[in-house]
Amino acid sequence: MRYEMEGFNSDEVYEYLRKSRSDDPCLSVEEVLEKHERILRDYAEKYLTGPVPEKNIFREVASSETIDGRPEMLRLLKAVESPAVKAILVVEVQRLSRGDLEDAGRLIKLLRYTNTKIITPQKTYDLHDEYDRDIFERELKRGNEYLEYFKKIQARGRMASVQDGNYIGSVPPYGYDKIFVTVGKKKCPTLQENKEQADVVRMIFDMYVNKDMGIFRIGNYLDSLGIKPPKGAHWSPAAIQDMLQNVHYIGKVKWNWRKTVNVVENQEVIKTRPKSENYLVFDGKHERLISDELFEAAQEKRGRNHRAKADTKVRNPLASLLFCRCGRAMSLRIYKKHDGSERSAPRLICDDQTHCNTGSVTYDEMITRICEIMEDSIADFKVQMKNDKKDSRQLHTRLISSLERKLSDLEEKELKQWEKYSEDNMPKNIFDKLNEKVLKEQEEVRNALQRARESMPEEIDYEEKIMRFSDALSALNNPDISDELKNRYLKNVFERITYYREKPVRVTRRNCTVLGLSTNELKTGGNWYSPPFELDVAFRK
């Protein structure tokens with residue numbers, strides 16, 4: 001093989017190292033590269049003028065199927081454009097690329113027209129030679145076929161591992177750490193609770209389900225506490241939404257949650273990983289963080305919090321806000337004659353009225369009641385704002401600071417007592433008495449501190465609430481504002497309005513007294529009586 005190397009100098013050769021899927025999986029990237037570097041160094045010392053200089057060695061750490069996903073390979077291909085580079089030294093041809101035919105063609109073209117030889121311990125390839133070029137192309141194609149075969153085998157193995165309850169993801173879900181446990185003779189990847197993060201996960205589910213907080217408000221609350229999100233500087237609604245539907249928190253593992261899908265954009269194939277609705281779920285080896293009941297309640301609420309479609313014109317200001325006590329939405333019904341004139345007043349009716357038998361309500365009745373609720377709320381906020389001098393919260397803050405200082409002083413006092421006992425030969429009976437006293441005081445201060453923190457008054461921005469309610473009230477009473485815009489204003493005030501009314505009854509002389517009506521009202525009020533309706537209002541925080 002010596003004759004093949006004539007005319008080459010080590011300074012004219014570049015060396016490329018990369019870990020392959022065919023390498024021992026127990027070896028790290030660094031160990032594989034070091035092993036291959038020794039092989040190529042021995043080869044260069046034997047057949048070249050000496051080892052390849054350090055500046056000419058390209059060590060690929062990134063793992064990618066394509067050339068564009070390997071930064072060192074891109075640097076190498078840029079470097080071979082120089083006439084000073086005569087050859088690339090590599091353990092085997094397939095280390096250069098195991099990509100598709102497009103990658104293989106690109107590599108062959110660049111190396112061929114830059115007159116770059118490819119040196120392996122088995123053979124040297126000159127791509128200007130038709131025979132060598134054919135063998136080189138076959139090697140690249142064989143590498144790609146092996147890659148596709150290996151990916152299928154790997155996918156089956158990963159699927160089997162997930163079915164066994166293992167967690168095979170590279171990044172653990174927020175709330176867990178990834179660990180390995182021994183099952184028989186196998187080391188299996190699974191999850192272990194991260195105490196600090198797990199408490200945040202439980203807090204999110206509790207706020208969403210039990211405290212009826214929206215994902216935006218939850219994110220803002222977590223940011224205000226200084227809790228770091230999984231990614232980025234602030235908690236995003238998308239991150240919280242993903243956590244609320246993550247089955248890992250109930251002791252499950254999933255497969256094909258994000259499947260790689262190739263799409264064509266601007267005549268280029270782009271790899272995407274969209275969320276799949278048809279993923280598989282299996283029992284995991286790890287412990288759950290959330291109960292099934294709490295998780296299911298979160299899924300039910302997620303399905304219930306729907307919004308009107310973007311391309312649908314809203315004609316009911318109470319759309320997605322007003323619901324019957326049975327859980328179904330209340331819809332606006334408009335009754336017209338054939339000539340287009342109004343046959344009767346518009347009414348709000350339960351979508352499942354046939355089964356729940358809840359009485360309907362006229363649109364005007366409902367709007368009047370909603371306005372009264374907002375007017376009463378504004379008046380209450382003004383009174384509360386006048387009485388709220390924020391003195392209570394400030395006093396609470398000062399109390400907490402005082403207790404924290406006192407606890408710190410007691411801990412320091414305990415430390416000094418131990419020093420006197422060990423260094424100044426303090427009698428044990430005196431030390432025990434003093435130590436018992438300081439420990440008791442510490443416990444009392446800790447309990448007081450916990451109570452003070454738990455009873456900290458909530459900070460409420462009454463001015464902001466008054467502004468929101470006033471804007472919604474003005475919009476609702478303004479006939480020139482569209483129903484769609486009124487709906488947006490009301491959604492800033494109300495989270496949900498639940499309605500109930502007994503079924504109307506026919507009024508007769510026999511039952512008019514029971515209904516609290518006089519015979520005069522019977523004569524002038526028609527034959528039907530609608531009982532008063534009830535509203536259960538949940539305001540947006």
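Condition check ((1) part of a helix (DSSP H, G or I); (2) charged (D, E, K, R); (3) over 15 Å from residue 445 (Cβ atoms)) across all residues:
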| residue | (1), (2), (3) |
| --- | --- |
| 405 | yes, yes, no |
| 410 | yes, no, no |
| 416 | yes, yes, yes |
| 425 | no, no, yes |
Given (1) under 25 Å from residue 230 (Cα atoms); (2) part of a strand (DSSP E or B); (3) not polar (S, T, N, Q), number of the condition residue 162 does not satisfy: (2)
Test: residue in segment 376-392 that is over 30 Å from residue 536 (Cβ atoms), at pLDDT 80 or above and surrounded by 15 or more Cβ atoms within 10 Å (Cβ to Cβ): no
Filter result for the condition that a residue is within 16 Å of residue 13 (Cβ to Cβ) and touching a His at 6+ places or on another chain (Cβ under 8 Å), over 80, 91: 91
Residue in segment 513-532 that is at pLDDT 90 or above and not β-branched (Val, Ile, Thr) present: no
Only one of 171, 80, 162, 91 that is under 30 Å from residue 245 (Cα atoms), aliphatic (A, V, I, L, M) and crowded, with 16+ Cβ neighbours inside 10 Å: 162
Complete set of residues in segment 149-188 that are at pLDDT below 90, closer than 30 Å to residue 219 by Cβ and out of contact with any helix residue (DSSP H, G or I) (no Cβ under 7 Å at 6 or more places or on another chain): 169, 170, 171
In segment 71-87, residue nearest to residue 49 (Cα to Cα) [restricted to those that are assigned to a helix (DSSP H, G or I) and either free of Cβ contacts under 8 Å to residues at least 40 places away in the same chain or among the small types (Gly, Ala, Ser) (or both)]: 79
Restricting segment 223-243 to residues that are closer than 22 Å to residue 492 by Cβ and of a type in the set (A, V, I, L, M), the residue that is surrounded by the fewest Cβ atoms within 10 Å (Cβ to Cβ): 238
Residue within segment 427-435 that is part of a helix (DSSP H, G or I) and within 30 Å of residue 534 (Cα to Cα) present: no
Residues located in segment 316-366, provided they are in a helix (DSSP H, G or I) and surrounded by 19 or more Cβ atoms within 10 Å (Cβ to Cβ): 366
Residues being in a loop (DSSP other than H, G, I, E, B) and β-branched (Val, Ile, Thr) - total across segment 50-70: 3
Residue 228 vs. criteria modelled with pLDDT of 85 or more, assigned by TED's automatic domain parsing to the domain that holds residue 288, outside any helix (DSSP H, G or I) and in contact with a strand residue (DSSP E or B) (Cβ under 7 Å, 6 or more places away or on another chain): no
Residues located in segment 197-222, provided they are hydrophobic (A, V, I, L, M, F, W, C), surrounded by 14 or more Cβ atoms within 10 Å (Cβ to Cβ) and out of contact with any Gly (no Cβ under 9 Å at 6 or more places or on another chain): 203, 204, 205, 207, 209, 213, 215, 218, 222
Flag for residue 313 being within 17 Å of residue 176 (Cβ to Cβ), at pLDDT below 90 and either touching a helix residue (DSSP H, G or I) at 6+ places or on another chain (Cβ under 7 Å) or polar (S, T, N, Q) (or both): no
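The values are calculated or read from the model by the stated rules, or taken from the named source; none is laboratory data. On a predicted model such as this, the values are computed, not experimentally measured, just so you know. Neighbour counts are summed over all protein chains in view; Cβ atoms, including those assigned to glycine, are modelled from backbone coordinates with ideal geometry.
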